[in-house]
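Visitor: Let me begin by handing over the structure; questions about it come next.
The values are calculated or read from the model by the stated rules, or taken from the named source; none is laboratory data. On a predicted model such as this, the values are computed, not experimentally measured, just so you know. A quick note on method: Cβ atoms are made from the backbone with ideal geometry, for glycine too, and the neighbour counts reach across all protein chains shown.
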Amino acid sequence: MQQSPLLKRVRPEVMAITPRITEVRREFHKHPELSWKEHRTGQAILTRLGELGLADVRPVAGTGATGIVQGGRGGPATLWRADIDALPIPERSGLPFASVNDGVMHACGHDTHIAIALGLAELLAARRDKLAGSVRFLFQPAEEHSGGAQACVADGVLESPDISRVLGLHISADIPLGAINVAPGPFFAAPTAFRVTINGVGGHAAAPHQSVDAIVVAAHVITALQTVVSRSAPPSEAAVLTVGRLNAGFRGNVIAESATMTGTIRTYSDAMLDLMLQRTQEVIGGVCAAFGASFDFLHNTSCPTLVNDPGVAGFVRETAGRLLGFENIHGTPTMGADDMGVYLKERPGCYFWMGARNEAKGIAGRHHDPGFMVDEDALPLAMELGLQLIEGTHG
């Protein structure tokens, strides 16, 4: 397929390694591993970091990896973070390098994040004598689960050297190749998973008056929960409440004694999260009381809101604008979640979306979908932008 004209803006040394980095991406795509099980992935990354002669090459958080490019001139330390885990999704992309692991797929682009970071490590290692400061590359496990970022922080990735700035990108199937999405302030939401168990009274389907039908109660609860955002959240505040799963019943002629639903709440602030949780519990309680049922409501927030530092986000926007054209810079926060927010709570930095959608090539899937694909021309564009950000960061 024809390459993007944007690649003319990429320096020759980046284009020189692009074919190999593309193969690296395809190899990781072919062998995806779930959160906390990234053993093959982590070991392959450690081997490559060692070959590049990076310092402090070691495992982190069990199945992750890290290494440092130490510059020949003094300066600050930057952390470049890439997540490495895949999803429990069967692949139906039809790609020649599709997953060989049944039911597991890189359906969110983490394979591209690995390849981009390894490419940056190679490029910076080749010119380390001219680099001011240092760059720690972090290949983080378990972004799709929970606890990966926290475990990496506990393993000291922000220390020795003391990190002054954090950078990273997420490939995007929603914005076109050559565009990025970046904004200051809250950029990804804090995700709160919840589980509701409705406790009714089971019985025979022919005698419903003797039972409390947990399925009927659950249906009314789900309907009523649609008002939590629309009628309790201020219109100026962003929030999401989604029930994604409902389990109940044994068979068609038995009234269910219990029903369990799971879902997610997404918010940008602690105050909004508190309001959402309060109203959710009140709505569930009111509906259950009306039907004579009881309930249990459990919830857990796995990572904080991802907040981009205004100064660093502005720097990313200006750098990307000069490379890609300011008409290709978007600035729209998302209600998605990413534990990059853990690092950005500790250090200033910026996380941004890198476009990889190309409808002309038939690459127009969605994240977390069995047919997810990306335009691989995004790899050299991302490496070029990454180099410019790191070079600009370090003067």
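Yes/no matrix, rows are residues, columns are (1) touching a Pro at 6+ places or on another chain (Cβ under 6 Å); (2) modelled with pLDDT of 95 or more; (3) in a loop (DSSP other than H, G, I, E, B); (4) in the same structural domain as residue 376 (by TED's automatic domain parsing):
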{"residue": "97", "(1), (2), (3), (4)": "no, yes, yes, yes"}
{"residue": "103", "(1), (2), (3), (4)": "yes, yes, yes, yes"}
{"residue": "120", "(1), (2), (3), (4)": "no, yes, no, yes"}
{"residue": "151", "(1), (2), (3), (4)": "no, yes, no, yes"}
{"residue": "158", "(1), (2), (3), (4)": "no, yes, yes, yes"}
{"residue": "170", "(1), (2), (3), (4)": "no, yes, no, yes"}
{"residue": "175", "(1), (2), (3), (4)": "no, yes, no, yes"}
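Visitor: Is there a residue being buried (at least 22 other Cβ atoms within 10 Å of the Cβ) and among the basic types (Lys, Arg) anywhere in segment 124-135?
Guide: No, segment 124-135 contains no residue that is buried (at least 22 other Cβ atoms within 10 Å of the Cβ) and among the basic types (Lys, Arg).
Visitor: Moving to a separate point now. Is it the case that some residue within segment 81-95 is in contact with a Phe, Trp or Tyr (Cβ under 9 Å, 6 or more places away or on another chain), in a helix (DSSP H, G or I) and assigned by TED's automatic domain parsing to the domain that holds residue 22?
Guide: Among the residues of segment 81-95, not one is in contact with a Phe, Trp or Tyr (Cβ under 9 Å, 6 or more places away or on another chain), in a helix (DSSP H, G or I) and assigned by TED's automatic domain parsing to the domain that holds residue 22, which makes the answer no.
Visitor: Please go through segment 346-367 and pick out each residue that is of a type in the set (Lys, Arg), more than 14 Å from the chain's Cα centre (by Cα) and over 30 Å from residue 163 (Cβ atoms).
Guide: Result: 357, 361.
Visitor: Of all residues being of a type outside the set (S, T, N, Q) and not in a strand (DSSP E or B) in segment 240-255, which is nearest to residue 336 (Cα to Cα)? Just the residue, please.
Guide: 249
Visitor: Follow-up. Answer yes if at least one residue in segment 92-105 is within 14 Å of residue 338 (Cβ to Cβ) and either aliphatic (A, V, I, L, M) or buried (at least 24 other Cβ atoms within 10 Å of the Cβ) (or both), and no otherwise.
Guide: Taking every residue of segment 92-105 in turn, none turns out to be within 14 Å of residue 338 (Cβ to Cβ) and either aliphatic (A, V, I, L, M) or buried (at least 24 other Cβ atoms within 10 Å of the Cβ) (or both).
Visitor: Right, residue 50: modelled with pLDDT of 95 or more and touching a strand residue (DSSP E or B) at 6+ places or on another chain (Cβ under 9 Å) or not?
Guide: yes
Visitor: In addition: Only one residue in 200, 185, 178 is at positive phi and buried (at least 22 other Cβ atoms within 10 Å of the Cβ). Which one?
Guide: Only one candidate passes the filter, namely 178.
Visitor: Would you check if there is a residue in segment 292-302 being farther than 28 Å from residue 98 by Cα, in contact with a Lys or Arg (Cβ under 7 Å, 6 or more places away or on another chain) and surrounded by fewer than 19 Cβ atoms within 10 Å (Cβ to Cβ)?
Guide: Yes, segment 292-302 contains a residue that is farther than 28 Å from residue 98 by Cα, in contact with a Lys or Arg (Cβ under 7 Å, 6 or more places away or on another chain) and surrounded by fewer than 19 Cβ atoms within 10 Å (Cβ to Cβ).
Visitor: I would also like to ask the following. Restricting attention to segment 122-139, report how many residues are in a loop (DSSP other than H, G, I, E, B) and among the acidic types (Asp, Glu).
Guide: Residues in segment 122-139 being in a loop (DSSP other than H, G, I, E, B) and among the acidic types (Asp, Glu): 0 in total.
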